[in-house]
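Structure first, then comments.
The values are calculated or read from the model by the stated rules, or taken from the named source; none is laboratory data. Quantities reported herein were computed from a predicted structural model and do not represent experimental measurements. Cβ: placed from backbone, ideal geometry, glycine included. Neighbour counts: every protein chain shown. Please note that ligands, DNA and RNA were not included when accessible areas were found on the heavy atoms of the full protein model with its side chains. Shrake-Rupley method; radii C 1.70, N 1.55, O 1.52, S 1.80 Å.
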Amino acid sequence: MVLTLMGIAQDTRAAVRFSQELYRSKLSTAYHGRIRHDPFARLRLREGRDDPYSVYAELRPRGPLVPTRLGGFGTVDHPTARSVLTSRAFGVRPQAEAPSPTADGVDLSFLDRNEPDHSRLRRVAAPAFSPRMVRGYRSRIEELVTELISQLRTDGATDFVSTFAAPLPIGVITQMFGIDESAGVDTTGFARYGAAIGGALDGIHSLRHARELMQAGEALGQMFEQLFAVRATDPRDDLISVLVAERGEKVRPDELMAMCFLLLVAGFETTVNLLGNALLALLQHPDQWHLLVEQPQLAGAAIEETLRWNPPVQRTERVSFEDQQVAGTPVREGQWIVLLLGGTGRDPQVYPGPDRFDITRSHAAEHLAFSSGIHYCLGAPLARLEATIALEQLANRLPRIRQAGPVTMRPTSIIRGPLHLPVTVG
(Lines give C-alpha, C1' and ligand atoms only; values in the text may rest on other atoms or scores of the structure.)
Protein backbone atom coordinates (compact mmCIF):
# COMPACT_ATOMS: atom_id res chain seq x y z
CA MET A 1 0.00 0.00 0.00
CA VAL A 2 2.82 2.41 0.90
CA LEU A 3 4.59 1.71 -2.41
CA THR A 4 1.33 2.21 -4.28
CA LEU A 5 0.74 5.57 -2.60
CA MET A 6 4.32 6.61 -3.32
CA GLY A 7 3.83 5.71 -6.98
CA ILE A 8 0.60 7.71 -7.14
CA ALA A 9 2.31 10.70 -5.52
CA GLN A 10 5.21 10.51 -7.97
CA ASP A 11 2.83 10.27 -10.93
CA THR A 12 0.84 13.21 -9.57
CA ARG A 13 3.95 15.37 -9.17
CA ALA A 14 5.07 14.45 -12.69
CA ALA A 15 1.63 15.35 -14.03
CA VAL A 16 1.70 18.70 -12.23
CA ARG A 17 5.17 19.50 -13.61
CA PHE A 18 4.06 18.51 -17.10
CA SER A 19 0.94 20.69 -16.83
CA GLN A 20 2.98 23.65 -15.60
CA GLU A 21 5.51 23.32 -18.40
CA LEU A 22 2.74 22.94 -20.99
CA TYR A 23 0.98 26.03 -19.65
CA ARG A 24 4.21 28.07 -19.66
CA SER A 25 4.93 27.01 -23.25
CA LYS A 26 1.44 27.97 -24.44
CA LEU A 27 1.55 31.26 -22.57
CA SER A 28 4.96 32.10 -24.04
CA THR A 29 3.77 31.33 -27.57
CA ALA A 30 0.64 33.44 -27.10
CA TYR A 31 2.62 36.37 -25.64
CA HIS A 32 5.26 36.41 -28.36
CA GLY A 33 2.71 35.82 -31.10
CA ARG A 34 -0.06 38.22 -30.09
CA ILE A 35 1.79 40.86 -28.07
CA ARG A 36 5.23 40.88 -29.68
CA HIS A 37 3.87 39.89 -33.13
CA ASP A 38 6.63 37.32 -33.62
CA PRO A 39 5.85 35.54 -36.92
CA PHE A 40 7.32 32.19 -35.84
CA ALA A 41 5.14 32.17 -32.72
CA ARG A 42 2.09 33.22 -34.74
CA LEU A 43 2.52 30.17 -36.97
CA ARG A 44 1.76 28.07 -33.88
CA LEU A 45 -1.37 30.03 -32.98
CA ARG A 46 -4.79 29.56 -34.54
CA GLU A 47 -4.46 32.48 -36.93
CA GLY A 48 -1.17 31.10 -38.22
CA ARG A 49 -2.56 27.60 -38.56
CA ASP A 50 -5.58 28.94 -40.46
CA ASP A 51 -3.46 30.98 -42.86
CA PRO A 52 0.28 30.35 -42.63
CA TYR A 53 0.84 31.80 -46.08
CA SER A 54 0.21 35.38 -44.97
CA VAL A 55 2.91 34.89 -42.32
CA TYR A 56 5.29 33.45 -44.92
CA ALA A 57 4.63 36.49 -47.11
CA GLU A 58 5.50 38.74 -44.16
CA LEU A 59 8.79 36.90 -43.61
CA ARG A 60 9.91 36.92 -47.25
CA PRO A 61 11.02 40.59 -47.52
CA ARG A 62 13.25 40.15 -44.45
CA GLY A 63 15.77 38.14 -46.45
CA PRO A 64 16.69 34.51 -47.04
CA LEU A 65 17.48 33.89 -43.34
CA VAL A 66 15.36 35.49 -40.63
CA PRO A 67 16.55 35.35 -36.97
CA THR A 68 14.20 33.64 -34.50
CA ARG A 69 13.72 34.59 -30.86
CA LEU A 70 15.26 31.26 -29.83
CA GLY A 71 18.60 32.06 -31.42
CA GLY A 72 18.25 30.27 -34.73
CA PHE A 73 16.95 31.20 -38.15
CA GLY A 74 13.96 30.53 -40.35
CA THR A 75 13.60 30.65 -44.11
CA VAL A 76 10.89 30.71 -46.76
CA ASP A 77 13.49 31.10 -49.50
CA HIS A 78 13.43 28.11 -51.86
CA PRO A 79 17.13 28.09 -52.92
CA THR A 80 18.29 28.57 -49.33
CA ALA A 81 16.08 25.79 -48.00
CA ARG A 82 17.20 23.42 -50.76
CA SER A 83 20.87 24.17 -50.07
CA VAL A 84 20.43 23.42 -46.36
CA LEU A 85 18.48 20.21 -46.99
CA THR A 86 21.11 18.88 -49.39
CA SER A 87 24.16 19.96 -47.38
CA ARG A 88 26.11 17.38 -45.37
CA ALA A 89 27.13 20.27 -43.07
CA PHE A 90 23.63 20.09 -41.52
CA GLY A 91 21.80 17.32 -39.71
CA VAL A 92 18.54 16.54 -37.99
CA ARG A 93 20.15 16.58 -34.52
CA PRO A 94 23.42 17.87 -33.03
CA GLN A 95 26.31 15.53 -33.78
CA ALA A 96 27.12 14.87 -30.13
CA GLU A 97 23.51 14.16 -29.19
CA ALA A 98 22.57 10.50 -28.78
CA PRO A 99 19.45 9.27 -30.59
CA SER A 100 16.39 9.33 -28.38
CA PRO A 101 12.64 9.77 -28.69
CA THR A 102 11.34 13.27 -29.25
CA ALA A 103 10.04 15.37 -26.39
CA ASP A 104 6.65 13.88 -27.19
CA GLY A 105 7.92 10.33 -26.72
CA VAL A 106 7.82 9.43 -30.42
CA ASP A 107 10.94 7.83 -31.91
CA LEU A 108 11.02 8.84 -35.58
CA SER A 109 13.60 6.20 -36.56
CA PHE A 110 15.82 7.17 -39.52
CA LEU A 111 13.88 10.41 -40.01
CA ASP A 112 15.50 11.61 -36.78
CA ARG A 113 18.99 10.14 -37.27
CA ASN A 114 22.21 11.54 -38.70
CA GLU A 115 24.70 9.48 -40.66
CA PRO A 116 25.67 6.68 -40.47
CA ASP A 117 22.59 5.46 -38.56
CA HIS A 118 20.26 7.19 -40.99
CA SER A 119 21.48 5.27 -44.03
CA ARG A 120 21.81 2.00 -42.09
CA LEU A 121 18.17 2.09 -41.03
CA ARG A 122 16.83 3.56 -44.27
CA ARG A 123 18.43 0.75 -46.30
CA VAL A 124 16.47 -1.79 -44.27
CA ALA A 125 13.12 -0.22 -45.16
CA ALA A 126 14.00 0.80 -48.74
CA PRO A 127 13.09 -2.54 -50.43
CA ALA A 128 9.42 -1.99 -49.55
CA PHE A 129 9.48 1.20 -51.65
CA SER A 130 11.43 -0.09 -54.63
CA PRO A 131 9.97 0.64 -58.08
CA ARG A 132 8.89 -3.02 -58.34
CA MET A 133 7.08 -2.94 -55.00
CA VAL A 134 5.41 0.40 -55.72
CA ARG A 135 4.18 -0.90 -59.09
CA GLY A 136 2.81 -3.89 -57.24
CA TYR A 137 0.60 -1.65 -55.10
CA ARG A 138 -1.14 -0.14 -58.14
CA SER A 139 -3.84 -2.78 -58.50
CA ARG A 140 -4.62 -2.62 -54.77
CA ILE A 141 -4.86 1.19 -54.92
CA GLU A 142 -7.16 1.05 -57.93
CA GLU A 143 -9.40 -1.50 -56.21
CA LEU A 144 -9.57 0.57 -53.05
CA VAL A 145 -10.32 3.81 -54.90
CA THR A 146 -13.11 2.13 -56.88
CA GLU A 147 -14.59 0.64 -53.72
CA LEU A 148 -14.39 3.87 -51.73
CA ILE A 149 -15.95 5.96 -54.50
CA SER A 150 -18.86 3.52 -54.73
CA GLN A 151 -19.45 3.89 -50.98
CA LEU A 152 -19.75 7.69 -51.04
CA ARG A 153 -23.29 8.84 -50.28
CA THR A 154 -25.33 10.14 -53.20
CA ASP A 155 -28.30 11.38 -51.12
CA GLY A 156 -26.61 14.11 -49.12
CA ALA A 157 -23.35 15.45 -47.75
CA THR A 158 -20.54 13.12 -46.78
CA ASP A 159 -17.14 13.74 -45.21
CA PHE A 160 -14.47 13.16 -47.84
CA VAL A 161 -11.71 12.74 -45.25
CA SER A 162 -13.25 10.00 -43.13
CA THR A 163 -14.92 8.14 -45.99
CA PHE A 164 -12.19 8.36 -48.65
CA ALA A 165 -8.94 10.18 -47.88
CA ALA A 166 -8.21 8.29 -44.63
CA PRO A 167 -9.30 4.73 -45.58
CA LEU A 168 -7.25 4.75 -48.80
CA PRO A 169 -3.72 5.04 -47.33
CA ILE A 170 -4.64 2.73 -44.44
CA GLY A 171 -5.76 0.11 -46.97
CA VAL A 172 -2.42 0.42 -48.77
CA ILE A 173 -0.38 0.39 -45.56
CA THR A 174 -2.06 -2.77 -44.30
CA GLN A 175 -1.04 -4.53 -47.52
CA MET A 176 2.48 -3.13 -47.23
CA PHE A 177 2.81 -4.43 -43.67
CA GLY A 178 1.26 -7.76 -44.61
CA ILE A 179 -1.76 -7.37 -42.36
CA ASP A 180 -4.62 -9.71 -43.21
CA GLU A 181 -7.00 -12.01 -41.36
CA SER A 182 -4.26 -14.57 -40.80
CA ALA A 183 -2.22 -12.00 -38.84
CA GLY A 184 -5.07 -11.45 -36.38
CA VAL A 185 -4.63 -7.67 -36.22
CA ASP A 186 -7.54 -5.24 -35.80
CA THR A 187 -7.11 -2.93 -38.81
CA THR A 188 -9.66 -0.45 -37.42
CA GLY A 189 -7.59 -0.01 -34.28
CA PHE A 190 -4.42 0.03 -36.38
CA ALA A 191 -5.68 3.08 -38.27
CA ARG A 192 -6.97 4.85 -35.16
CA TYR A 193 -3.78 4.40 -33.18
CA GLY A 194 -1.63 5.42 -36.13
CA ALA A 195 -3.62 8.64 -36.46
CA ALA A 196 -3.14 9.32 -32.74
CA ILE A 197 0.64 8.96 -33.05
CA GLY A 198 0.64 11.21 -36.12
CA GLY A 199 -1.34 13.82 -34.23
CA ALA A 200 1.52 14.19 -31.74
CA LEU A 201 3.99 15.46 -34.35
CA ASP A 202 2.92 18.99 -33.45
CA GLY A 203 3.46 18.38 -29.74
CA ILE A 204 1.36 17.25 -26.78
CA HIS A 205 -1.46 19.67 -25.97
CA SER A 206 -2.84 18.32 -22.68
CA LEU A 207 -2.61 15.55 -20.11
CA ARG A 208 -5.46 13.80 -21.88
CA HIS A 209 -3.55 14.00 -25.15
CA ALA A 210 -0.48 12.55 -23.42
CA ARG A 211 -2.51 9.63 -22.08
CA GLU A 212 -4.04 8.97 -25.49
CA LEU A 213 -0.60 9.00 -27.08
CA MET A 214 0.77 6.58 -24.49
CA GLN A 215 -2.19 4.22 -24.93
CA ALA A 216 -1.88 4.36 -28.71
CA GLY A 217 1.84 3.65 -28.54
CA GLU A 218 1.31 0.66 -26.25
CA ALA A 219 -1.49 -0.75 -28.43
CA LEU A 220 0.50 -0.33 -31.63
CA GLY A 221 3.53 -1.90 -29.99
CA GLN A 222 1.50 -4.96 -29.11
CA MET A 223 0.10 -5.16 -32.65
CA PHE A 224 3.55 -4.98 -34.22
CA GLU A 225 4.99 -7.55 -31.80
CA GLN A 226 2.18 -9.86 -32.84
CA LEU A 227 3.00 -9.26 -36.49
CA PHE A 228 6.71 -9.87 -35.88
CA ALA A 229 5.93 -13.22 -34.28
CA VAL A 230 3.62 -14.28 -37.12
CA ARG A 231 6.02 -13.30 -39.91
CA ALA A 232 9.03 -14.84 -38.16
CA THR A 233 7.45 -18.25 -38.76
CA ASP A 234 5.40 -17.40 -41.87
CA PRO A 235 7.43 -14.88 -43.96
CA ARG A 236 5.79 -13.31 -47.00
CA ASP A 237 6.51 -10.63 -49.58
CA ASP A 238 5.74 -7.73 -47.24
CA LEU A 239 7.50 -5.08 -45.18
CA ILE A 240 7.20 -6.83 -41.80
CA SER A 241 8.81 -9.98 -43.21
CA VAL A 242 11.68 -7.92 -44.61
CA LEU A 243 12.23 -6.15 -41.29
CA VAL A 244 12.01 -9.32 -39.20
CA ALA A 245 14.63 -10.95 -41.42
CA GLU A 246 17.03 -8.10 -40.57
CA ARG A 247 16.33 -8.10 -36.84
CA GLY A 248 19.42 -8.62 -34.73
CA GLU A 249 21.87 -8.04 -37.57
CA LYS A 250 21.28 -4.70 -39.25
CA VAL A 251 18.61 -3.38 -36.92
CA ARG A 252 18.00 -3.75 -33.18
CA PRO A 253 14.53 -4.80 -31.93
CA ASP A 254 13.83 -1.33 -30.53
CA GLU A 255 14.89 0.24 -33.84
CA LEU A 256 12.59 -2.15 -35.68
CA MET A 257 9.58 -1.02 -33.65
CA ALA A 258 10.42 2.67 -34.16
CA MET A 259 10.75 2.11 -37.91
CA CYS A 260 7.29 0.55 -38.08
CA PHE A 261 5.83 3.51 -36.17
CA LEU A 262 7.49 5.96 -38.56
CA LEU A 263 6.36 4.18 -41.73
CA LEU A 264 2.80 3.91 -40.46
CA VAL A 265 2.56 7.55 -39.41
CA ALA A 266 4.39 8.96 -42.44
CA GLY A 267 2.46 6.78 -44.86
CA PHE A 268 -0.86 7.83 -43.37
CA GLU A 269 -0.36 11.50 -42.51
CA THR A 270 1.26 12.52 -45.79
CA THR A 271 -1.29 10.86 -48.06
CA VAL A 272 -4.52 11.60 -46.20
CA ASN A 273 -3.67 15.31 -46.00
CA LEU A 274 -2.36 15.43 -49.56
CA LEU A 275 -5.67 14.02 -50.80
CA GLY A 276 -7.69 16.43 -48.68
CA ASN A 277 -5.62 19.44 -49.72
CA ALA A 278 -5.79 18.46 -53.39
CA LEU A 279 -9.56 18.08 -53.56
CA LEU A 280 -10.14 21.19 -51.46
CA ALA A 281 -7.91 23.28 -53.75
CA LEU A 282 -9.65 21.96 -56.84
CA LEU A 283 -13.14 22.58 -55.47
CA GLN A 284 -12.15 26.10 -54.42
CA HIS A 285 -10.86 26.71 -57.94
CA PRO A 286 -13.72 25.41 -60.12
CA ASP A 287 -11.91 26.27 -63.35
CA GLN A 288 -9.10 23.89 -62.35
CA TRP A 289 -11.56 21.15 -61.40
CA HIS A 290 -13.34 21.48 -64.74
CA LEU A 291 -9.98 21.30 -66.49
CA LEU A 292 -9.13 18.08 -64.63
CA VAL A 293 -12.52 16.60 -65.49
CA GLU A 294 -11.88 17.37 -69.16
CA GLN A 295 -8.29 16.09 -68.97
CA PRO A 296 -7.96 13.45 -66.20
CA GLN A 297 -4.40 12.80 -67.35
CA LEU A 298 -3.53 16.05 -65.51
CA ALA A 299 -4.10 14.29 -62.16
CA GLY A 300 -0.37 13.85 -61.57
CA ALA A 301 0.26 17.53 -62.34
CA ALA A 302 -2.57 18.50 -59.98
CA ILE A 303 -0.89 16.54 -57.19
CA GLU A 304 2.45 18.28 -57.80
CA GLU A 305 0.76 21.67 -57.80
CA THR A 306 -0.97 20.81 -54.51
CA LEU A 307 2.35 19.79 -53.00
CA ARG A 308 3.78 23.15 -54.03
CA TRP A 309 0.76 25.30 -53.19
CA ASN A 310 -0.43 23.73 -49.92
CA PRO A 311 1.80 20.84 -48.81
CA PRO A 312 0.77 18.47 -46.00
CA VAL A 313 4.09 18.97 -44.18
CA GLN A 314 4.68 22.67 -43.59
CA ARG A 315 8.10 22.73 -41.98
CA THR A 316 11.18 20.81 -40.90
CA GLU A 317 14.42 21.77 -39.15
CA ARG A 318 18.17 21.29 -39.53
CA VAL A 319 21.09 22.03 -37.18
CA SER A 320 24.49 23.26 -38.32
CA PHE A 321 27.46 20.95 -37.72
CA GLU A 322 30.01 23.76 -38.11
CA ASP A 323 30.47 27.50 -38.37
CA GLN A 324 29.53 28.41 -41.94
CA GLN A 325 27.90 30.94 -44.25
CA VAL A 326 24.35 30.35 -45.50
CA ALA A 327 22.92 32.80 -48.03
CA GLY A 328 25.56 35.33 -46.93
CA THR A 329 24.67 35.01 -43.25
CA PRO A 330 27.05 33.55 -40.61
CA VAL A 331 25.55 30.43 -39.00
CA ARG A 332 27.31 29.01 -35.95
CA GLU A 333 27.78 25.36 -35.08
CA GLY A 334 24.71 24.19 -33.17
CA GLN A 335 22.34 26.82 -34.56
CA TRP A 336 19.04 25.60 -35.96
CA ILE A 337 17.34 26.66 -39.20
CA VAL A 338 13.57 26.24 -39.50
CA LEU A 339 12.77 25.38 -43.12
CA LEU A 340 9.24 26.59 -43.81
CA LEU A 341 8.46 24.26 -46.70
CA GLY A 342 4.99 25.71 -47.21
CA GLY A 343 6.59 29.09 -47.76
CA THR A 344 9.26 27.83 -50.16
CA GLY A 345 6.52 26.64 -52.50
CA ARG A 346 5.28 30.23 -52.80
CA ASP A 347 8.72 31.73 -53.60
CA PRO A 348 8.03 34.20 -56.46
CA GLN A 349 11.64 33.91 -57.67
CA VAL A 350 11.00 30.24 -58.44
CA TYR A 351 7.26 30.18 -59.18
CA PRO A 352 5.75 33.09 -61.15
CA GLY A 353 2.33 33.95 -59.73
CA PRO A 354 3.03 31.74 -56.69
CA ASP A 355 -0.36 32.25 -55.01
CA ARG A 356 -2.20 31.06 -58.11
CA PHE A 357 -3.28 27.39 -58.07
CA ASP A 358 -2.57 26.16 -61.60
CA ILE A 359 -2.48 22.46 -62.46
CA THR A 360 -0.83 23.23 -65.80
CA ARG A 361 2.21 24.81 -64.09
CA SER A 362 5.28 23.48 -65.87
CA HIS A 363 7.73 23.06 -62.99
CA ALA A 364 5.63 22.55 -59.86
CA ALA A 365 7.51 19.33 -59.14
CA GLU A 366 10.57 21.34 -58.08
CA HIS A 367 8.86 21.84 -54.70
CA LEU A 368 10.39 20.70 -51.40
CA ALA A 369 7.23 19.13 -49.97
CA PHE A 370 8.98 15.75 -49.67
CA SER A 371 12.18 17.40 -48.37
CA SER A 372 15.47 16.95 -50.29
CA GLY A 373 18.90 15.44 -49.85
CA ILE A 374 19.48 12.22 -47.92
CA HIS A 375 16.24 12.68 -45.97
CA TYR A 376 14.07 12.89 -49.10
CA CYS A 377 10.82 11.09 -48.30
CA LEU A 378 11.24 7.35 -48.89
CA GLY A 379 7.53 6.91 -49.53
CA ALA A 380 7.13 9.81 -51.98
CA PRO A 381 6.59 7.57 -55.05
CA LEU A 382 3.86 5.62 -53.26
CA ALA A 383 2.11 8.76 -51.97
CA ARG A 384 2.19 10.24 -55.48
CA LEU A 385 0.77 7.03 -56.96
CA GLU A 386 -2.08 6.83 -54.45
CA ALA A 387 -3.04 10.48 -54.82
CA THR A 388 -2.79 10.49 -58.63
CA ILE A 389 -4.96 7.41 -59.07
CA ALA A 390 -7.48 8.82 -56.60
CA LEU A 391 -7.77 12.19 -58.35
CA GLU A 392 -8.00 10.62 -61.80
CA GLN A 393 -10.85 8.33 -60.77
CA LEU A 394 -12.65 11.09 -58.86
CA ALA A 395 -12.55 13.31 -61.95
CA ASN A 396 -13.75 10.46 -64.17
CA ARG A 397 -16.50 9.11 -61.95
CA LEU A 398 -17.61 12.10 -59.84
CA PRO A 399 -17.36 15.16 -62.10
CA ARG A 400 -20.17 16.89 -60.16
CA ILE A 401 -18.57 16.61 -56.72
CA ARG A 402 -18.92 19.85 -54.77
CA GLN A 403 -18.03 21.25 -51.35
CA ALA A 404 -21.11 21.00 -49.14
CA GLY A 405 -20.25 23.10 -46.09
CA PRO A 406 -17.50 24.67 -44.00
CA VAL A 407 -14.15 22.91 -43.89
CA THR A 408 -12.56 22.06 -40.55
CA MET A 409 -8.78 22.17 -40.74
CA ARG A 410 -6.54 20.09 -38.48
CA PRO A 411 -5.55 22.08 -35.36
CA THR A 412 -1.85 21.60 -36.08
CA SER A 413 0.91 23.71 -37.59
CA ILE A 414 3.40 21.12 -38.90
CA ILE A 415 0.82 18.88 -40.56
CA ARG A 416 -1.69 20.80 -42.68
CA GLY A 417 -4.88 19.43 -44.15
CA PRO A 418 -8.66 19.24 -43.66
CA LEU A 419 -9.94 17.25 -40.70
CA HIS A 420 -13.42 17.34 -42.22
CA LEU A 421 -14.29 18.18 -45.82
CA PRO A 422 -18.03 17.84 -46.48
CA VAL A 423 -18.91 17.14 -50.12
CA THR A 424 -21.87 16.15 -52.25
CA VAL A 425 -21.29 13.84 -55.19
CA GLY A 426 -24.61 13.87 -57.01
> Using a basic spin-label model with each label point 7 Å from the Cα along Cα→Cβ, how many nm lie between Glu97 and Arg120?
Replying inline: 2.0 nm
> Reported to two decimal places, what Rg/Rh ratio describes the range 195-300 when computed on Cα atoms with Rh from the Kirkwood expression?
Replying inline: 1.15
>> I want to verify a result. In a Gaussian network model of the chain, Cα cutoff 10 Å, which of these has the top mean-square fluctuation: Pro354, Pro330, Pro67?
In response: Pro330
>> For a quick check, take a GNM of the chain with Cα springs below 10 Å and name the residue from Asp159, Asp112, Asp234 with the largest mean-square fluctuation.
In response: Asp234
> Hey, what do the phi angles of the range 121-136 turn into as Karplus ³J(HN,Hα) couplings, whole Hz, using 6.51/-1.76/1.60 and θ = phi - 60°, x for Gly and Pro?
Replying inline: 6, 4, 4, 5, 7, 4, x, 5, 10, 5, x, 5, 5, 4, 4, x
>> 5 Å is the cut-off here: which amide hydrogens, built 1.01 Å from N in the peptide plane, fall below it relative to Val331, excluding neighbours closer than 5 in sequence?
In response: Gln324, Gln325, Val326
> Considering only protein heavy atoms and a 1.4 Å probe, what is the carbon-and-sulfur percentage of the accessible area of the range 232-311?
Replying inline: 53 percent
> So which trypsin sites (Lys or Arg not before Pro) in the range 20-74 end up in coil per DSSP with only 16 or fewer other C-beta atoms within 10 Å?
Replying inline: Arg36, Arg69
> Quick one: longest stretch of the chain between exposed loop GluC sites (Glu not before Pro), exposed meaning at most 14 other C-beta atoms within 10 Å and loop per DSSP?
Replying inline: 98-248
> What list of ³J(HN,Hα) values in whole Hz, one per residue of the range 255-267 in order, does the Karplus curve 6.51 cos²θ - 1.76 cosθ + 1.60 (θ = phi - 60°) give from phi, with Gly and Pro shown as x?
Replying inline: 5, 5, 5, 4, 5, 5, 4, 4, 5, 5, 5, 5, x
> Roughly how many Å² is the accessible area per residue of the chain, as a whole number, for a 1.4 Å probe?
Replying inline: 46 Å²
> What is the projected area of the convex hull of the Cα atoms of the chain, averaged over all directions, in nm²?
Replying inline: 22.8 nm²
